[in-house]
Structure formats: C-alpha cells, structure tokens
Amino acid sequence: MSVHRWTRVCALRFFSSFVPFSPKSISGTRSFPRGHGTRSSRLSCHAGDDLLQNGAVQRHLKRLLAEYTNISSSLQQAEVSDSDRRVLNRRLLELSTVATTFQSCESAAEELAEVEALLQSSTGGETEDKQLVELLKEEQHVVEKRIYNLKRKLIKTLVQSDEQDTSSVILEVVAGRTTGGDICQQFTREMFDMYQAFAFYKDWGWELFNYTPADYGGLHHAAARITGDDVYGWLKFEGGTHRVQRIPETGLSSRMQRIHTGTMTVVVLPNTDDVDITLDPKDLRIDTFRSRGAGGQSVNTTDSAVRIVHLPTGTVAECQQSRSQLQNRDTALRLLKARLHQSSLGQKMGERDSARKQQVGTRYQSERIRTYNFSQDRVTDHRIGYVTRDTKEFMSGGELLEEVIGNLQEWSEREALLDLVTSADTGHAGAHR
C-alpha cells in the first residue's frame, strides 16, 4: 500500500474511534464500485485453487529460490575463482527476477492480509465507519490487482520465453473452400481488414506485400509485413484455420440463401531481417507473369508479377503488388526466406520438444482454431473455450481481439509451466535415485 493511502486509512481508523463524522468530513475520497471487495481474496500467493499452488510448481520454485540463496552465499566466499565467479554471477542474474518477483508477491500478500483484517474489524456494529470501509475496500481491490499482475509476472519468469516473440511478422491470409457461394473470399477480406485494424490499434507498422482480390469484393490471398513491439508474441496465436458460418449476402440465387460453412487460413511467419539465410541461386526458379490483381492497366499488361520456387523444398512465394518487377522480386524473396525460416524452426522445435504447448496453434497452423458464426452473432475460440456474442465488434480489431489473444497468452504460459515443472520433477527424482 502506498504511504499516502496507508496514512489516510490509519488516520481514518484512529479518529473514527473518537468522533463520528459524516461522509463529507474528509475530502479527496471516492466511492468504491458496488460489489467489489466484499469477498476474501483468492489472489494471494498462498491461497485458493491457483497454478502457483500446484505441487510440482511449488517444488520447482522452491528449488530455484534455494539455488538463488546458495549462489548468493557462494559469491561471498573469497576462494571462488574468477571463472567460477563469472558463471555464478550469470546464473544469479537469471534467478534474480524469479526471487525478487516472488518476494514482491509475498509482501503484497501480507499487505492484503493487513487490509482485510482492518476491513473485518471495521465492518458491522453500531459504530461502523462507512467512509473507512469504502476506503479499505478500494485498497483491497488495488492490492488484489497488484498481486494478480505479480503472479502473471512470476509465471512468465518461470517459463522460457520464445526468442521470436519480439520479432516483426509476415502475415498471410488464404481463402479456403466452402459449401457454396463466395463466403470464403469475403471472409478472408474481412479477416485481413481485422488484422490491419488490430495493427493500427496496437500502433504497429503495416506494409502490404501482396493482394489478390476475388469477385464480389472478396480476397483470394494477401500478405503484409507488420512491425512493432512484440508483434510475433501477439499474432503467433492467430496462425491456423478460421471457420465462418453465415448466410451469403451476394452471389447466390434465392434457393441458396441458407447457412454456409467455409474456411480461411492465417499464416504468421516471424520476420527474417535479422536472420542470415543464404539461398543458392541454382536452387531457385524465378518466373514472371502478368498481375491478376488491381493496380491499373500498366500492371496487368506487363510481366511485373514474380513467383519464386525453392527447388529443394518446393516452397513457393510470389508477389504482384507493385508495378515494378524488381520490387515484386525483392518482396517475394523476403517472403520465401520467412517461410523457409519458419519451416526450419518448426522442425527444430519438434525435435527438441514435441509436447511443448507454449505456442498454441502456431506450430500446427492447419488446425481449426476459431469459428465465426454470423448467424448466431458468436465467435468461439476452440483452444480455450472463449466465446463472445459480438462478432462485428470482435472483427473490428480492437479490445475483444486483444482480450482473446491475452487469454491465449496466459493459458499457454500456464500449460508451458506445467509441462516444464513436470519434466523438472522427473529429472530431479531421477538424479536422486
């Protein structure tokens, strides 16, 4: 609790035992929202059904804290060699975030217990001070929120972060097949617009790479480069197959006006600008063709579009966005490198840890991850059971999309931590046999 707020609470507590006062007798306080703070907290580091109360997590955390203490003690010894000291200091730095975050969480839990004790002693009875109770409830809510954030931070420090999370990305959308009509192409355009709006919402950069339109305002394929802070850490959860269920608005006769189901695929590739990928020109086949997309007559009447095939793997990338063949070739080459890099990362991750669940839906981008049911105005994320009833608002690319991705981040961290501590428990038990 801040010194200023704690002083106010203590002052109210002290003076209320001597003189009654009206709610207007002390200025600067604000009422607390009804319903908050009336239940005992379940957010402390020692309470409730919580991931940090999992036995394996507790044992893993205990081992890390013990290691931190032992290393701190060892560094105080004069006989430690310079080389050993460098190793110990490096490991101490790795563990320091865990130790300090855990201590902050413990301190906040103690602070919450003090606030709740004061609240309990101030509630009820003929002399109940309503302004003091409201202030204590407000403080309880503030401390609970701080503990929740500290717990999230502690879980993050226990889970190995993905080195690609800070990368920019190349995002592709591809229309799938449908049971009828052009809903896939229409849906693909809406999804691409959603991600562009989300990029603006997050204040990220947006660079269009490719855009191949379809009939009735739809979209066959598009790609864009998105730059900014932690872009891959957010958008990696969007990779996969997205399903749409709706009644088509155009392109069908009246007898076909029923609910149709279609799909589109989102591919999220970490940017490769900082990765040295060398391609042998002999492994590349470069084709040029006339653009099928928009861009004016000068685009469609010249062979400005470029397709590059990586012969050893069969990986293909193309671009027809620019009127310049050189620009399209450069963009297609960047896209090809991103795809090859992602393929290489996927193989390494699979070999290293096939059961790891930290990147939900990004290693297996063919799986169906979300359904958009326009007829029932419902969006369902099948990985975490998330449901929202406002499809239009969700696809505006704002708070609701940010919310579901945040939930996926939290869920994947919890799954990864459970996976990690289970492996650590197994290894620790084997070492002591």
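The values are calculated or read from the model by the stated rules, or taken from the named source; none is laboratory data. Keep in mind the model is a prediction, meaning the values are calculated, not measured. Note that each Cβ is placed from the backbone with ideal geometry, even for glycine, and that neighbours are counted across all protein chains shown.
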Pairs with Cβ under 7 Å, 6+ apart, first in the range 95-106 and within 10 Å of K151 (Cα to Cα), second charged (D, E, K, R): T101/K153; C105/K151
Mind checking whether some residue in the range 137-146 is at pLDDT below 90 and among the hydrophobic types (A, V, I, L, M, F, W, C)? no
Some residue of the range 188-206 being hydrophobic (A, V, I, L, M, F, W, C), part of a loop (DSSP other than H, G, I, E, B) and in the same structural domain as N373 (by TED's automatic domain parsing): yes
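Could we say that G176 is touching a Cys at 6+ places or on another chain (Cβ under 6 Å) and modelled with pLDDT under 90 here? Steps first, answer last, please.
On the way: touching a Cys at 6+ places or on another chain (Cβ under 6 Å): yes; modelled with pLDDT under 90: yes.
In short, yes.
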In the range 65-94, residues that are farther than 26 Å from I155 by Cα, touching a residue at least 12 places away in the same chain (Cβ under 8 Å) and polar (S, T, N, Q) total 1
Which of the residues that make up the range 84-125 are outside any loop (DSSP other than H, G, I, E, B) and over 22 Å from A66 (Cα atoms)? E111, L112, A113, E114, V115, E116, A117, L118, L119, Q120, S121, S122
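Conditions (1) under 14 Å from A224 (Cα atoms); (2) modelled with pLDDT of 80 or more; (3) out of contact with any strand residue (DSSP E or B) (no Cβ under 8 Å at 6 or more places or on another chain), marked per residue:
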{"residue": "V309", "(1), (2), (3)": "no, yes, no"}
{"residue": "P312", "(1), (2), (3)": "no, yes, yes"}
{"residue": "R329", "(1), (2), (3)": "no, yes, no"}
{"residue": "L345", "(1), (2), (3)": "no, no, no"}
For V159, state whether it is surrounded by 22 or more Cβ atoms within 10 Å (Cβ to Cβ) and of a type in the set (V, I, T). no
Output the residues belonging to the range 146-172 that are without any contact (Cβ under 8 Å) to a residue 40 or more places away in the chain and either of a type in the set (V, I, T) or in a helix (DSSP H, G or I) (or both). R146, N149
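Can you confirm whether T166 is at pLDDT below 85, of a type in the set (V, I, T) and either closer than 22 Å to L335 by Cβ or crowded, with 16+ Cβ neighbours inside 10 Å (or both)? Don't jump to the end; show me each part of the working.
Working: at pLDDT below 85: no; of a type in the set (V, I, T): yes; either closer than 22 Å to L335 by Cβ or crowded, with 16+ Cβ neighbours inside 10 Å (or both): yes.
Against the criterion (at pLDDT below 85, of a type in the set (V, I, T) and either closer than 22 Å to L335 by Cβ or crowded, with 16+ Cβ neighbours inside 10 Å (or both)), T166 does not qualify.
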Looking only at the range 213-245, filter to residues that are modelled with pLDDT under 90 and within 21 Å of S375 (Cα to Cα); which one of those is surrounded by the fewest Cβ atoms within 10 Å (Cβ to Cβ)? G217
Since N210 meets every condition but one in (1) surrounded by fewer than 18 Cβ atoms within 10 Å (Cβ to Cβ); (2) not in a loop (DSSP other than H, G, I, E, B), which condition does it not meet? (1)
